[in-house]
1. Whole-Å semi-axes of the range 5-106's equivalent ellipsoid, largest first, each the root of 5 times a Cα gyration tensor eigenvalue?
2. Quick check on the exposure proxy: order 265, 189, 78 from fewest to most C-beta atoms within 10 angstrom.
3. Could you work out the relative contact order of the range 192-268? I mean the mean sequence separation of Cα pairs under 8 Å and 6+ apart, divided by the number of residues, in percent.
4. With a 10 Å Cβ neighbour count serving as the proxy for reagent exposure, in which order, fewest first, do 231, 284, 122 appear?
5. Which order do 303, 135, 258, 39 fall in if you start with the one that has the fewest other Cβ atoms within 10 Å?
6. Please report the relative contact order for the range 25-127, taking Cα pairs under 8 Å with a sequence separation of at least 6, and give it as a percent rounded to a whole number.
């Protein structure tokens, strides 16, 4: 029986025993040697399974791995183009297949790698969607029109949640400020804490939901994060996030936790660790409640935090460390965002623009 969701995906997608064995070995390589997350592994494995399934016949037997040639892979790429796959999706699938055949070559399953000459389509260069700094402050403070984002005496998290609940048009009987509903109040405190912490630290959403109680040191203003590739980093955060997290831990989390909750920092209403989809819903509701803000995902808050740091003078290499990027090239897009905003300000303000 498959031991993981990724193993289950392999079993559902493929029938040829040699294919299943090779993809399971690839999954193990991603997990044990590269420290890839379950999410990353499912993406890579899913891409490889889609390819190999095209080589399986009605009897479930597949073309031997040693017989798969560059021409087969080029035809696969052309098929993706004909069926409307975006350049980004095609590029990701090619990258997955290259990793798979590279691992097959290293493990001796094949003598030649047929993927080495595959051309990756150019992805259109798109700047990330980010919040203006004043909109970020309003998202965090609620939609009541406060604009003084620079002040340090922000209201406590419970007050922030009251504002956010009002803006989200929560029914009167279930507002976070209603003391007769401790679960709703706890959820409100949790949402305020995760919004503040996401923006303060620029964490990936997978990193946020993976946090345990001991990972957040409110007194020191530091969070310890297990990032991509199993790399650990420490990220600072400020007083507003510290207050919101403390309020959640002290007054919110106990209302949702039970004996099986474990050490997870953020919990759902049933007491289990919060998942990525729930965080997406919280971020969407909070940003949709503020007029003039773009549609935003949790990753959009990460983009926003990094962009605002660059705009306010942070060195790009410091932002690279803050975000946990392995390559500086991943961080340099934030300089482009800031330059774009500078150009817009120049056009509005310079007499010779």
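Values quoted throughout were computed directly from the atomic coordinates according to the rules given, and no laboratory measurement underlies them. These numbers come from a predicted model, not from an experiment. FYI the Cβ positions are ideal-geometry reconstructions off the backbone, even for glycines, and counts take in every protein chain you see.
1. Numbers: eigenvalues 77, 60, 34 Å².
Semi-axes from the Cα gyration tensor: 20, 17, 13 Å.
2. Details: 265 24, 189 28, 78 10.
By the 10 Å Cβ count, ascending: 78, 265, 189.
3. Working: 87 pairs, mean separation 27.6, N = 77.
Relative contact order, the range 192-268: 36 percent.
4. On the way: 231 11, 284 15, 122 8.
In increasing order of surrounding Cβ atoms, one gets 122, 231, 284.
5. Working: 303 22, 135 19, 258 10, 39 13.
Fewest to most other Cβ atoms nearby, the residues stand as 258, 39, 135, 303.
6. Numbers: 73 pairs, mean separation 31.3, N = 103.
Taking the mean separation of contacting Cα pairs over the length of the range 25-127, I get 30 percent.
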